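Everything on this sheet refers to the single structure shown next.
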Amino acid sequence: MIASHSSARITGAALLTLVLTLILIGPLVWSVSPTDQNLMAVVQPPSVSHPIGTDQYGRDLLARLIDGGRVSLISAVLIVGGSLVIGTLVGLAATLDGIVARLITQAIDMALALPSLILALVIVGALGIGMGNLIFAFVAVGWPWYARLVRGIARERLSAPDILAARLAGVGRLAVMTGHVVPHLAARLAAAAALDLGYTLGALAGFSYLGLGAQAPAAEWGLMLRDAQMFFTAAPWLLIGPCACIGAVVAAALLLAEDLAQTGGRG
Amino acid sequence: MTGLAITQLHVRFANGAHVLRGIDLTVAKGERLALVGESGCGKTTLIRALLGLLEPGARVLGQMLLDGQEVPGPDPRALRGTRIGYVPQNPLSALNPLLPVGRQIAEAWEAHGRRIADATLSAELAAVGIADATRMMTYRPARWSGGMLQRALILAATAHRPALVMADEPTSAVDRPLARQMLELLAERSGTLIAVTHDLDLIDGLVDRVVVLYGGRIVEDAPAARFLVGPRHPYARALLEALPRPGRLPRGLDGDPPSPLAPDAGCAFAPRCPSPCALAAELPMLAEGVACHLGTGR
């Protein structure tokens, strides 16, 4: 337990609100272009016209932080959402009786045995560099975690007395799954997804940093860190924006996941 | 013929457990039967075999006929709730804790493609004795009492006026004054009734017949009036003596119930029987309503 329920929830929500405000409201208030270069003003420290400075091409860092955040967060949400949906369907299918379900379970275990980041690297290598392919690769390695979690929760549920009573009253398999198993997944999946969102954001930044995600001149938090690396001894402020944002989202995700895991989404 | 007819029913689980070992049981239409026995004797397995919902890998041998038609038949789901109603064991765990009770009781209708309006459901709940049903049905099970949940479950089990109602210990989770009420409600709402119960002191006047199950076999099958004053099988006598009565302490029964994994080797009750028997190595057959070498006068 990191902190008490309410303080974890309040801190997490506040951090997330802060980052979301920056990304959603930011473009309305700060209308500077994230890609306009000004070679007369490269690697400038924070000032009135550039609140967090400029990068090596004289681009406004605040504008890039806002623009890049949209790319980073949307990608992370797509990855977590895609993995969650596929994992849930596969995990539920793995609880059915019969040979197909056993094969699915073995497929999940095999997928989990592969090192996920290296596998994602191989997929991006095979498909080509780019944000779309990176998202696909992350979903391809992310779903087995959800599938295993869902299978575990669903199997536990399916042996509960109320499920037996419902089946003996004539409720069919599909209705039992949708009406009596899936609602019980929500709280635990939400906690797992919140945790995964933070992890994914960090991993995405890492891939962009390696040059395998968003491509210049697009802005993305990981890419901004990669650009900043060359100058960070001379201009450490280049790191502050993306580091603070990635850190804030990961911390918010951890705190909210903790809260969800403790309270099951209630209380 | 109408009613239930079970002939030589055997159920063997995937792990080799021989849970039911040749059950012969006929229940006439409208008859009310108490099925008695300790945990592990096969009562629940019998219910699940009739409804076609045994664990995967279980093998069933023998014949089960309900009103002349084979059950569970090729489509067991169509029979559950409609021709055979089921009242679950513990009302507190028999409903999904996350969903409103009304929605779950309505499933008894919806599972068979019928819709039930909220007003109708509320009236049905009121008819089984739920006060303030319109409001109560929107609450989750945690806000209901055990007795009220049991009433709602009895309603769900009898929603389609099934030919047969199977109740799995309907009295085990409610207070004793309530237990009698539950049995009365059940008897009133069902035609043919098989009630699994331990509460032998509560069934007087509510059931016509008592059937005692031991080690997967029927060991006594007697009219209730006769059974309650003079059970013939030593196990049935032990059951009655284990009941609390004014002026005497209940007597327990030593030893363990037979394992469903054990092979048939004579009388299953012999190791616990208070009257040593020279014929213990032989399997006693049900004759004159009792499966005991002494009871049949040999």
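The values are calculated or read from the model by the stated rules, or taken from the named source; none is laboratory data. On a predicted model such as this, the values are computed, not experimentally measured, just so you know. Backbone-built Cβ (ideal geometry, glycine too); neighbour counts: all protein chains shown. For the accessible areas, the whole protein counts, side chains as well, though only heavy atoms, and no ligand, DNA or RNA atoms are used. Shrake-Rupley method; radii C 1.70, N 1.55, O 1.52, S 1.80 Å.
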### Query
Could you give the accessible area per residue of segment B:4-272, probe 1.4 Å, as a whole number in Å²?
42 Å²
### Query
Which far-off residues, 5 or more places away or on another chain, put their amide H under 5 Å from the one on B:ARG217, with H placed in the peptide plane?
B:ARG21
## Note on the structure
Between A:ALA107 and B:ASP204, Cβ-based FRET efficiency (R0 51 Å, step 0.05) works out to 0.30
### Task
State the Cα centre-to-centre distance between segment A:77-105 and segment B:1-75 in whole Å.
35 Å
### For the protein assembly as shown, the Rg and Dmax computed from alpha carbons only, in angstrom
33.2, 116
### Message
So if I restrict to the alpha-carbon atoms in chain A, what is the Rg, and what is Dmax, the biggest pairwise distance, in Å?
### Response
21.9, 78
### Query
Which value in nm describes the separation of the simple spin-label points at B:ASP132 and A:LEU20, placed 7 Å from the Cα toward the beta carbon?
3.7 nm
### Task
Return one quarter of the surface area of the convex hull spanned by the alpha-carbon atoms of segment B:4-272, equal to its mean projected area, in nm².
15.0 nm²
#### Entry: Nearest-ten-degree value, helix A:237-263 long axis tilted from longest Cα axis of chain A
20 degrees
### Message
Could you give each residue of segment B:119-132 its phi-based ³J(HN,Hα) in whole Hz, using Karplus coefficients 6.51, -1.76, 1.60 with θ = phi - 60°, and x for Gly or Pro?
### Response
5, 5, 4, 4, 5, 5, 5, 4, 5, 9, x, 8, 6, 6
### Query
Counting DSSP beta bridges with both partners in segment B:4-272, what percentage is antiparallel, nearest 5?
55 percent
### Query
For segment B:154-298, what is the convex hull (Cα atoms) projected area averaged across all directions, in square nanometres?
10.2 nm²
### Query
Going highest first, how would you order B:19-30, A:123-134 by mean Cβ packing within 10 Å?
B:19-30, A:123-134
### Summary
Going residue by residue through segment A:124-131, the Karplus relation 6.51 cos²θ - 1.76 cosθ + 1.60 with θ = phi - 60° gives ³J(HN,Hα) values, rounded to whole Hz and with x marking Gly or Pro, of 4, x, 6, 8, x, 6, x, 5
### Query
Heavy-atom accessible area per residue, chain A, 1.4 Å probe: how many Å²?
47 Å²
### Message
Report the A-B buried area as the accessible area lost on both sides summed, probe 1.4 Å, in Å² to the nearest 100.
### Response
1600 Å²
### Residues in segment B:70-86 that, when all protein chains are in place, have 30 Å² or more less accessible area than the chain alone would give (probe 1.4 Å)
B:ARG77, B:ARG80, B:TYR86
### Message
Quick check: Cα centre of segment B:239-277 to Cα centre of segment A:138-180, how many Å?
### Response
41 Å
### Acute angle (nearest 10 degrees) that the helix B:176-189 long axis makes with the longest principal axis of chain B, alpha-carbon atoms
80 degrees
## Note on the structure
So the angle from the long Cα axis of helix B:101-110 to the longest Cα principal axis of chain B, reported in degrees to the nearest 10, equals 80 degrees
### Summary
One finds the C-alpha centres of segment A:10-25 and segment B:191-205 to be spaced, in Å, by 62 Å
### Query
Any number yet on Rg/Rh for segment A:1-80, C-alpha, Kirkwood?
1.11
### Message
Rounded to the nearest percent, how much of the accessible area of segment A:110-267 (1.4 Å probe, protein heavy atoms only) is carbon and sulfur?
### Response
71 percent
